[in-house]
1. Considering only protein heavy atoms, what per residue accessible area in square angstrom results for the chain with a 1.4 angstrom probe?
2. Given [x] 1.06; [y] 1.47; [z] 0.99 as candidate values of Cα Rg over 2.2 N^0.38 Å, which corresponds to the one derived from the coordinates?
3. Looking at the square roots a ≥ b ≥ c of the eigenvalues of the Cα gyration tensor of segment 50-96, which shape do they give, rounded for a/c under 1.5, prolate if a/b is larger than b/c, or oblate?
4. Under the 0.36 nm per residue contour assumption, what length would be gained going from the current alpha-carbon distance of ASN142 and THR47 to full extension?
5. With point charges of +1 on the Cβ of Lys and Arg and -1 on the Cβ of Asp and Glu, referenced to the Cα centre of the chain, which listed residue (GLY131, GLN6, ALA91) lies farthest in the positive direction of the dipole?
6. Just to be sure I understand: with springs between alpha-carbon atoms less than 10 Å apart, which residue in PHE130, PHE19, PHE35 has the highest mean-square fluctuation in the Gaussian network model of the chain?
Amino acid sequence: MNTIHQSWQQEKKSLQEKFEKQKSEEALKPKGAAFSREGESIRVNVTLNNKVNAMLILDTGASFVALRKSVAEKLGINLSEIKPEIKVKLADGQEIAAKQIILESVKVDNFEAKNIEGAVILDEASDIRFGDGLLGMSFLKNFNFKIDQKEKKLIL
């Protein structure tokens, strides 16, 4: 009886080790955040400062996360207190007024980065395709990332 019990304990331990190994391997695998397409734009659902959801356009050419004024207001950012005003150059070469900010956190699914450089675009009419803003490199540089067009996933 003792031999059966020992055998059972060894089998149990072996299965538990196998399960733990599988679990740790799964945790290391890249995970994907779903995105949607609108024309050529990839839109990603983002949570800002753990309180405001926004649909940002994935833009690897943008240096930082850029937000519309309306999103900044939802975040409780008082733009009149932020000095100085800066100029931001868009992809088409147009320069627009903005205010620099630091976002406490930017989260895409379970992937979060803290203290992310951003800007609030002051001219709301500058680009109607801008959506709620741009998810730029100040967030993306914190991860190795890949865009899986076929599966519509941003793999981080």
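1. Working: 10210 Å² over 156 residues.
In whole numbers, the chain has 65 Å² accessible per residue.
2. [y]
3. Numbers: a/c = 2.58, a/b = 1.21, b/c = 2.14.
Oblate, because a/c is 1.5 or more while a/b does not exceed b/c.
4. Values: separation 95, 0.36 × 95 = 34.20 nm, distance 1.60 nm.
32.6 nm is the gain from fully extending ASN142 to THR47.
5. Ranked along the dipole, the leading option is GLN6.
6. Of PHE130, PHE19, PHE35, the Gaussian network model singles out PHE19 as fluctuating most.
The values are calculated or read from the model by the stated rules, or taken from the named source; none is laboratory data. Remember, predicted model here, so these are calculated numbers, not experimental data. As a convention, Cβ positions derive from the backbone with ideal geometry for all residues, glycine included, and neighbour counts pool all protein chains shown. Just so you know, the surface numbers come from the protein's heavy atoms only, side chains and all, with ligands and any DNA or RNA stripped out. Shrake-Rupley method; radii C 1.70, N 1.55, O 1.52, S 1.80 Å.
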